[in-house]
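Note sheet for the following structure.
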Amino acid sequence: MASDTRTEREGEAEVALLERRPRSDGRGPEPAGAGAADAAGGAQVAGDGQQAVEGGPDELDPQAQARRAAALAQVRKFGDPVLRARARPVERFDGALRDEIRRMGELMVDAVGVGLAATQIGILHRVLVYRVQQQSPVAALVNPEIEWAGEELETLEEGCLSLPGVHVDVERPVSVIVSARDERGRPLRVEAAGLEARVIQHEIDHLDGVLVLDRIGRAQRREAMRALREALGG
Ligand code: ZN
């Protein structure tokens with residue numbers, strides 16, 4: 001077991017996540033200098049990462065906040081049966097698919113998320129998009145399959161665009177190898193580790209109708225359901 005690597009990775013993620021944790025007063029201390037850049041640049045939580053700016057939506061300008069709200073309104077939320085359905089493999093790699101992928105990418109970026117599965121916008125296609133670094137282009141995987149998952153597991157906090165208010169600790173393999181197609185049907189092979197691997201696994205779960213709620217224990221689930229009821233106003 002590569003315990004050194006693991007500790008380092010966990011430590012890094014922990015810092016990033018803590019910065020995005022909601023603060024009780026909604027503000028918290030202003031990060032200064034280089035720290036501010038780090039906090040902004042690292043504005044991602046694992047999973048869909050919709051909680052990315054929960055620690056400080058005030059960091060977004062009013063236009064960005066409006067775009068985020070509009071994007072989130074298009075994402076299916078807990079209780080919508082589509083989230084429990086299994087998506088179908090894509091067979092036609094046509095202009096309609098590319099439009100769908102472009103739209104998903106725009107929605108994810110507007111929502112300040114790090115990943116989005118087609119299921120989450122009510123399209124039962126095995127398509128996911130993700131972007132774990134703000135400067136990177138949006139990546140799209142069509143018909144993704146996990147070919148291999150490493151034995152090393154890691155538990156990290158995840159959020160989900162479909163589960164507002166929910167942050168849960170989810171255990172997943174640190175590394176995966178995924179085969180997929182690109183938007184034109186060409187074969188892809190992605191070797192991912194850390195946040196990238198986690199986001200891909202979270203999104204593939206969506207394509208199978210699986211939510212993070214299914215990957216946690218009873219105590220966490222009870223907490224999560226309470227947070228959901230509060231966030232969804234029911
Ligand atoms: Zn999700």
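In the condition set (1) in contact with a Lys or Arg (Cβ under 8 Å, 6 or more places away or on another chain); (2) within 15 Å of the ligand (Cβ to nearest atom), residue 143 is compliant with all but (2). Taking the range 169-189 as the range and being farther than 26 Å from residue 219 by Cβ and either within 16 Å of the ligand (Cβ to nearest atom) or not in a strand (DSSP E or B) (or both) as the test, the residues that pass are 182, 183, 184, 185, 186. Restrict the check to the range 156-168 and report whether at least one residue is part of a strand (DSSP E or B) and either among the hydroxyl-bearing types (Ser, Thr, Tyr) or over 16 Å from the mean Cα position of the chain (by Cα) (or both). So far as the range 156-168 goes, no, none of its residues is part of a strand (DSSP E or B) and either among the hydroxyl-bearing types (Ser, Thr, Tyr) or over 16 Å from the mean Cα position of the chain (by Cα) (or both). Taken over the range 86-104, the criterion of being crowded, with 18+ Cβ neighbours inside 10 Å and within 16 Å of the ligand (Cβ to nearest atom) is satisfied by 87, 104.
Taken together, the residues in the range 105-155 that are touching an Asp or Glu at 6+ places or on another chain (Cβ under 7 Å) and farther than 16 Å from residue 210 by Cα amount to 9. Among residues of the range 191-216 that are more than 12 Å from the ligand (Cβ to nearest atom) and part of a helix (DSSP H, G or I), those with a Cβ under 7 angstrom from a residue that is at pLDDT below 95 and of a type in the set (D, E, K, R), sequence gap 6+ or separate chain, pair up as 194/9.
The values are calculated or read from the model by the stated rules, or taken from the named source; none is laboratory data. As the structure is a prediction and not an experimental result, all values here were calculated from the model. FYI the Cβ positions are ideal-geometry reconstructions off the backbone, even for glycines, and counts take in every protein chain you see.
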